[in-house]
Every structure is written in structure tokens, then in C-alpha cells.
Amino acid sequence: MALKARVLYDFSSENPGEISITENELVTLFSEEELEGWLEGENSRGEAGLFPASYVEIIREHITSNTNNNGFSSPKAKAQTPTHTSYTSSGSGGGSFHTSQGSDDDWDDDWDDSSPATNAPQGLGTTPPLYPVTSSLPGRRESAQSHQQQAKSSATVGRNLNRFSTFVKSGGEAFLLGEASAFVKDGDKICVVMGKHGPEWQEDPYPFTCTIDDPTKQTKFKGMKSYMSYGLTPTHTNVQVNRRYKHFDWLYARLVERFPVISVPHLPEKQATGRFEEDFISKRRKGLIWWMNHMISHPVLARCDVFQHFLTCGADEKAWKQGKRKAERDELVGANFFLTISTPSVPLDLHEVESKIEGFKSFTKRMDENSVVVNTTINEFARKQAVGFKKEYQKVGQAFKLLAQAFELDQQAYSVGLNKAISDTGEAYEAIGEYFAEQPRQDLDPISDLLDLYRGHLANFPDIIHVQKGALTKVKDCPKQEGDLHDRCNIISCATLAEIQHFHRTRVRDFRSQMQHHLRQQIGFFQKITAKLEDVLQRYDDDQ
């Protein structure tokens, strides 16, 4: 007999491989086994695919083992009434993200902790939690079997599994359905305030900056293994700490896991070969500086425990490992992250929220497309300056010098000055060619670096928006639970709009500053050329 399940909530398919199901519909399950919080089956319309396990309640008919000697079931066994088993998703929101970009070296040495985090007791250290918070819906079943299902569905989910909805993976769905439960300490609270232009993250009352020194090459295992070490000095401690790229990479993975609706800036790309070459080291350091500036300017990211631990923990290996284990066992990830958010007292108008989100989607799409155009154009222009312009100016300079050599065949004394001036003109043009080749490093490359950073942000926002859109859709699809869902949807919406507001403010700051820098460099560049030409012009006057 086929295994059946009753649908508890409406679900609209959003990705290939998923199917839509409606409340009270009976669906056929192909297997009772969950796949990362999803079940596979067929709906009443004959469509086969995946749907969330937490949205259905399995109907299982138990047949007892009361049989007669001939092996036939007794009438009592056949009359056994059906029983139901609820499937619930993880309290942590369907698992955590593991988006680490890798590292230059294995975690087999300094500041490594090889013991699995999952083997240790859960918690945030020895300090007792202060604020118990739960978002459980009333009347939901809390059986031992459902807890086993929660533990099962808490396995990590890769971020690029396209057939699984981001709304589910991020924990947004579990939070909205009231399945998030965790203790929130006072220091973990995140406030959204109503600003002039809408919801905003509350400003950090103690802002700081952080410098990154030129890296130094270090060795270990008696010189058999080498790595680059970066010196970081935050202004709120004025104590330098040394970090390797793999430490940045570890931090990035923890932050992405911790904050599902915050755009964590992408790290500069890693490189397996040539990572000790001067050009690569310089480019990576510039990328890390941009990354750090975005981190410390974000009111939420800058003050989170794991980032502060990264900035302030010195060479004490024991202290580093303790902080590392604490971060890897953080309960306030996925669905539980939303429990930390405090919103303004007046809820948002969800129709207005939807309009703003759609406007931002259009903005990011256009910005992404045009950023590619700008980046392609300035890179081509930089290539022309470094190769084409340099070559052409040098050809002109060499031509002038050939003319001067021809004039030198005339031995008249009054032509000596002219010959020298023309030769100097040729040298000036050759020098200008070198100026053009060097200039892109000063004014075009920084714009390209900034566009690279923002392409990372633009790549983050589709997932962030998908979480908010999923919450809004759920409110529309479940009118019976509108009061409960509306409040939780308001929290997700406030956080999303606050992050969008921060993105715009940071974007205006960064591009204003970078374009000002570009124009100042251009002015200085052409003034340098002008000064060179005026100096050569003076040589002709000196000859008269």
C-alpha cells in the first residue's frame, strides 16, 4: 500500500524539481526517508517532485502481528485504526551554511582545533542565557519522534543546491512557522530602528577602524612550508594580531552561517600557485582592506562576537580555540538568528515592503549589468594605456629623436640647441608613454577593485530577498495564521529593509569617495604631462 501524507500548509514550488501542494491535500510519498528536510512524492494532480517535510503529516496504517497459524491476519489486525506522524523541520532552520572558500593551507597547525564541534555539548559558553525566547506555534506536536526528525534535518546544506529553496535553507521558513527556539542574551540582541528613509540597523555606539599591514612571509616545519601573515591593528585595542588568509576564510564561513539576511562581503579570491608573487600579494592586501572596511562599517557585523574574537585574540592558542569552538557551536544561526532581532513598535505595511523589495530587485539587476559594462570598459582602456598608448607615444618620441639625429649632421653651431631640444622632446614623449602605462594602477584599478567587491554584494542579495519574499508569500497563503505569521514576517521584513538601507548608504559613500579619488588622480596625471611638455618647451626658448 502506497504511503500517504496530509498537507498541513500550502507550498508553492519555486525551483526545478519541486511541486506545489495545498492544505488538506493527500499526497503520495515515494519514500519515508527525508533528503535534507525534503520529501519526494506525487501530488493529487499527478505531479512528482520535492516538497518540505515540515509541511506534511504522514498517515501510516499499522498492521499488528496477530496472525493465525495459517499465516493470515486476524480481523482485529485489519481493523487497526490509522495513526499519524508529524514531520517537523529543524529548530535551527534547516541547517547551517558551510560556504568556506577554502584556505591556502590545511588546518593542521597553528590555531587549529581538530576535535569535531558536534561532539561537544551545545551552548554559548558557561554564562547562563538571560532571555528565553521561543516562536513556537500553539498546538504543534512535540513528540520524541519529531525531535528526532529535528535532529536529522539539522544537517548542513550546501548553499548552491538550487533545487532547495533558499527560504528553507536560511531558516526563514522554520522561524515563520514558529519552530525556532533559543536563548538570547542581552549582548546578542540586534536592534532595527525606524530612520528617515525606513528601517535601519541601530548605529554602533563605539565605531572603530582597523589597518592591515603589508604581509610578511613566514615558515614552519623547518622551512618546509610557507605562508603569508597579515598584521591587523584595530583602533579600539591598538594591539596588533597576526592572521593568515585561512583565518579570514574561516571567519567568512561563520558569518555567512550566522547572518542569513546580511550581505557578508566576499573575500578576495584565493590562489593555489603564485601566491607569493608581489603583484598577487599587493592585490590581495587591497582586497582585504576593502573587505575589512565593509566589515567594520556594518553596525551588526562589526560588533558580533566572532568578528571581535578574530580581531582581538592574540597569540594565545588556547584562547583562540575556545573562541573558535564557541563560534562553531553558536545556536543563534539560521532560524534562531531572527529571534535576536528587535523591531520598531509600529509594524510595517507589507504591501509597501513588497513594493520596496521589487524596486530594489530592479536596481540590483541594473547595477549588476552596468557594473560589468563599466569594468569591461575600464579594463580595456587600462590595457590600451599600458600597451597601446605607451607604444604610440614611444614611437612618436623615437621619431623626434631620429629627426634630431638627422639635424646633427649639420655642424653649424647655431643648430646645436635646436637639435638638443628636439631630442629632449622625443625623450619627453617616451616618458609620457611610461606615465600612461603606470597610471591605471592609480585611478582605474581602484574602481575595478570596488566593482569586484560590490559584485559580491549583488550576488548575495537574491538569496536575502528570496527569504523575505518566501515569508511574504507564506503570510498570503496562510490567512488562518495571519496574526502569528504577520509578526514574524514583519521581523524578517525589517531586517531585510535595514540591510538594503545599509547597502545604499555604503554604496553612496564608497562610490563618491572612489570617483573623487579617480578625478583627482586624472587631474594630477594630466598636470604631470603638462609640466613635462612645458619643461621641454622651455628648452626651445633657451636656445634663442
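The values are calculated or read from the model by the stated rules, or taken from the named source; none is laboratory data. Source: prediction; values computed, not measured. Don't worry about glycine lacking a Cβ; one is built from the backbone with ideal geometry, like all the others, and counts go over all protein chains shown. Remember, those area values only see protein heavy atoms, side chains included, never the ligands or the DNA or RNA. Shrake-Rupley method; radii C 1.70, N 1.55, O 1.52, S 1.80 Å.
If the condition is being among the hydroxyl-bearing types (Ser, Thr, Tyr) and open to solvent by 80 Å² or more (accessible area, probe 1.4 Å), then the range 205-218 contributes only Tyr206. If you take the residues in the range 1-55 that are over 15 Å from Cys478 (Cβ atoms) and among the β-branched types (Val, Ile, Thr), which one is nearest to the chain's Cα centre (by Cα)? The residue in question is Ile19. Taking residues in the range 478-505 that are surrounded by fewer than 19 Cβ atoms within 10 Å (Cβ to Cβ), and partners anywhere that are assigned to a helix (DSSP H, G or I) and at pLDDT 95 or above, the pairs with Cβ atoms closer than 9 Å and at least 6 places apart or on different chains are His504/Phe360; His504/Phe363. Note on the range 371-398: among residues that are hydroxyl-bearing (Ser, Thr, Tyr) and buried (at least 16 other Cβ atoms within 10 Å of the Cβ), the one that is farthest from Glu438 (Cα to Cα) is Ser371. Is it the case, given these coordinates, that Ser362 is polar (S, T, N, Q), without any contact (Cβ under 8 Å) to a residue 40 or more places away in the chain and more than 18 Å from Val261 (Cβ to Cβ)? Answer is yes for this residue. Among residues of the range 399-427 that are within 16 Å of Asp535 (Cα to Cα) and open to solvent by 50 Å² or more (accessible area, probe 1.4 Å), those with a Cβ under 6 angstrom from a residue that is of a type in the set (D, E, K, R) and outside any helix (DSSP H, G or I), sequence gap 6+ or separate chain, pair up as Leu418/Asp543.
Can you say whether Asp316 is within 30 Å of Asp452 (Cβ to Cβ) and out of contact with any strand residue (DSSP E or B) (no Cβ under 8 Å at 6 or more places or on another chain), as far as the supplied structure shows? It is false that Asp316 is within 30 Å of Asp452 (Cβ to Cβ) and out of contact with any strand residue (DSSP E or B) (no Cβ under 8 Å at 6 or more places or on another chain). May I ask you to verify whether Leu232 is at pLDDT 70 or above, farther than 30 Å from Glu278 by Cβ and open to solvent by less than 60 Å² (accessible area, probe 1.4 Å)? No; evaluated as a whole, the condition is false for this residue. Out of all the residues in the range 238-246, is one or more closer than 30 Å to Leu35 by Cα and assigned to a strand (DSSP E or B)? Checked the range 238-246: no residue is closer than 30 Å to Leu35 by Cα and assigned to a strand (DSSP E or B). Only one of the listed residues (Val373, Val353, Val346, Val306) is out of contact with any helix residue (DSSP H, G or I) (no Cβ under 7 Å at 6 or more places or on another chain), in a helix (DSSP H, G or I) and of a type in the set (Val, Ile, Thr). That residue is Val373.
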